[in-house]
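The values are calculated or read from the model by the stated rules, or taken from the named source; none is laboratory data. Not measured: the values here are computed from a predicted model. All Cβ positions, even for glycine, are placed from backbone atoms using ideal geometry, and neighbour counts span all protein chains on display.
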Amino acid sequence: MPDEDPNEDRLHPLDELERNVLYLLTQPEDGQPLWSVEDIGREMESDEAITHVCALHRAGLVNITSDGYVFATRAGVRVTQLIGHVV
C-alpha cells in the first residue's frame, strides 16, 4: 500500500546489536549480571562489542567499571521491562 512505510519496523543493524547487548545484561532469570566486554564480544560473536557497549553507556543504559566490566543501569533495566525481551 502506498501509505505504509516499508522500513517502519526495521532496526538499523547497530541498533539491533545494541539492543541484544542490553538484553544480555538484563536477563530476567539472572538478576543483574556483570559481564566483561570481552565476554560480551564472545557471546555476541562480534569484534565490535566495545562499540555497542560505549553507545549504550553514552545513552545511560549501562555502566562500565574501571576494570572493564559492564552492567545495566536502572534505566537500562527499566527499558527492557517496558519493551520486553523481544527478539
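Suppose the filter is outside any helix (DSSP H, G or I) and under 15 Å from Asn20 (Cα atoms); does His85 pass it?
Against the criterion (outside any helix (DSSP H, G or I) and under 15 Å from Asn20 (Cα atoms)), His85 qualifies.
Which of (1) part of a loop (DSSP other than H, G, I, E, B); (2) at pLDDT 90 or above; (3) not β-branched (Val, Ile, Thr) does Asp5 not meet, given it meets every other one?
(2)
Let me spell it out: the conditions are (1) under 11 Å from Arg19 (Cα atoms); (2) in a loop (DSSP other than H, G, I, E, B), and Ala55 meets all of them except one. Which number is the exception?
Tallying (1) under 11 Å from Arg19 (Cα atoms); (2) in a loop (DSSP other than H, G, I, E, B), Ala55 fails exactly one: (2).
Can you list residue pairs whose Cβ atoms sit under 6 Å apart, with the first residue in region 49-73 being at positive phi and the second being among the hydroxyl-bearing types (Ser, Thr, Tyr) and part of a strand (DSSP E or B)? Count only pairs 6 or more apart in sequence or on different chains.
Short answer, once both residue conditions are applied: Gly68/Ser36.
Being hydrophobic (A, V, I, L, M, F, W, C) and more than 12 Å from the chain's Cα centre (by Cα) is the filter here; which residues of region 38-65 pass it?
Ile64, the sole residue that qualifies.
Could you list, in sequence order, the residues of region 66-87 that are among the aromatic types (Phe, Trp, Tyr) and over 11 Å from the mean Cα position of the chain (by Cα)?
Tyr69
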